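**Student:** Input: one structure, supplied below.
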Amino acid sequence: MIISESSRFILFSMEKTGTSSMDEALGGYFDQRKYRARLDKTLPLLWRIRSRLGRLARFRGKQPPTDCWNDEPGLKHCPPRWLFQQRHVLLAGNDWDSFFKACFVRNPLDRLLSVYSFHTQKIPHIYPEALAAGSFRNWLESGGTGSAKKSMKAFVTDEAGQVLPDFIGRYENLSRDWRYFLERAGLGSIVLPEVSATKTSHADWREVWSNELLEIFLANRVWKADFEFFGYDAVVN
């Protein structure tokens with residue numbers, strides 16, 4: 001999540017949608033310490049201690065508490081719903097409507113393959129169960145790990161199902177939609193860098209998915225809902 005009070009935009013970051021590159025490109029617009037300090041002031045002492053312990057656990061490779069504040073030391077993947085609830089603390093003037101709010105989503109078939117590759121190639125110490133699954137098929141049958149369990153639909157909507165961002169870009173149209181975001185945010189031309197720490201090696205998702213894997217996918221309520229909500233097509237070999 002990038003909040004810019006000067007340029008009046010907020011970019012929300014759903015995992016595995018190119019947001020590491022976006023954070024690298026726009027990091028200068030967001031002072032994480034300032035926003036964490038704003039929220040810290042509202043927390044009782046015990047909650048502040050819990051927050052610090054959560055960050056320490058994350059540093060040691062353990063899973064911290066699962067709420068956004070403790071799970072995201074950099075506030076990176078906090079959803080629009082969470083920020084809306086905290087707007088009176090984090091947004092100067094509580095002026096939610098004056099910000100241009102955007103996020104990006106990704107074809108769930110492509111995104112799940114990317115999550116699996118990231119968990120098995122880059123952070124298997126955090127998700128040993130992903131590596132232990134032995135195959136992408138077994139991993140899908142188990143329901144995936146980490147961010148694979150998160151709903152993109154739930155990420156962009158509030159409790160009533162209303163979409164919160166003003167613009168939802170698509171990873172598969174990243175070049176076009178990134179330019180549109182920059183234009184709406186009044187940022188001019190900013191090139192997206194490649195972040196090697198998040199880059200994994202795997203075949204094109206269209207070559208990986210089969211009808212058998214698609215059946216497993218569609219049997220998962222969260223994945224199917226994302227597929228239908230964003231209007232993606234089931235295209236497999």
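**Student:** Would you say residue 165 is exposed (fewer than 15 other Cβ atoms within 10 Å of the Cβ) and closer than 25 Å to residue 28 by Cβ?
**Tutor:** Working: exposed (fewer than 15 other Cβ atoms within 10 Å of the Cβ): no; closer than 25 Å to residue 28 by Cβ: yes.
When the stated conditions are applied, residue 165 does not pass them.
**Student:** List pairs: first residue in region 151-174 and in contact (Cβ under 8 Å) with a residue 40 or more places away in the chain and within 15 Å of residue 106 (Cβ to Cβ), second residue β-branched (Val, Ile, Thr) and assigned to a helix (DSSP H, G or I) anywhere in the structure, Cβ distance under 7 angstrom, at least six positions apart or on different chains.
**Tutor:** 151/222; 165/156; 168/156
**Student:** Restricting to region 1-44, count the residues that are small (Gly, Ala, Ser), closer than 29 Å to residue 119 by Cα and open to solvent by less than 10 Å² (accessible area, probe 1.4 Å).
**Tutor:** 1
**Student:** Continuing with this model, one more query. Is there any pair with a first residue in region 104-130 that is within 30 Å of residue 166 (Cβ to Cβ) and a second that is open to solvent by less than 10 Å² (accessible area, probe 1.4 Å) and part of a strand (DSSP E or B) whose Cβ atoms are under 7 Å apart and which are 6 or more apart or on different chains, and what are they?
**Tutor:** These pairs meet every condition: 104/169.
**Student:** Taking the conditions exactly as written (in contact with a Ser or Thr (Cβ under 7 Å, 6 or more places away or on another chain), within 21 Å of residue 26 (Cβ to Cβ) and surrounded by 13 or more Cβ atoms within 10 Å (Cβ to Cβ)), does residue 133 satisfy them or not?
**Tutor:** no
**Student:** Still on this model: Can you name every residue in region 102-112 that is crowded, with 23+ Cβ neighbours inside 10 Å and more than 14 Å from the chain's Cα centre (by Cα)?
**Tutor:** Correct list: empty.
**Student:** At pLDDT 80 or above, of a type outside the set (S, T, N, Q), open to solvent by less than 10 Å² (accessible area, probe 1.4 Å) and not in a helix (DSSP H, G or I) - does that describe any residue in region 63-83?
**Tutor:** Yes, region 63-83 has at least one match.
**Student:** Here's another thing I want to ask about it. Limited to region 184-237, what total is found for residues that are open to solvent by 90 Å² or more (accessible area, probe 1.4 Å) and under 26 Å from residue 26 (Cβ atoms)?
**Tutor:** Residues meeting the conditions: 5.
The values are calculated or read from the model by the stated rules, or taken from the named source; none is laboratory data. Keep in mind the model is a prediction, meaning the values are calculated, not measured. Cβ: placed from backbone, ideal geometry, glycine included. Neighbour counts: every protein chain shown. For accessibility, only protein heavy atoms count, side chains too; no ligands or nucleic acids. Shrake-Rupley method; radii C 1.70, N 1.55, O 1.52, S 1.80 Å.
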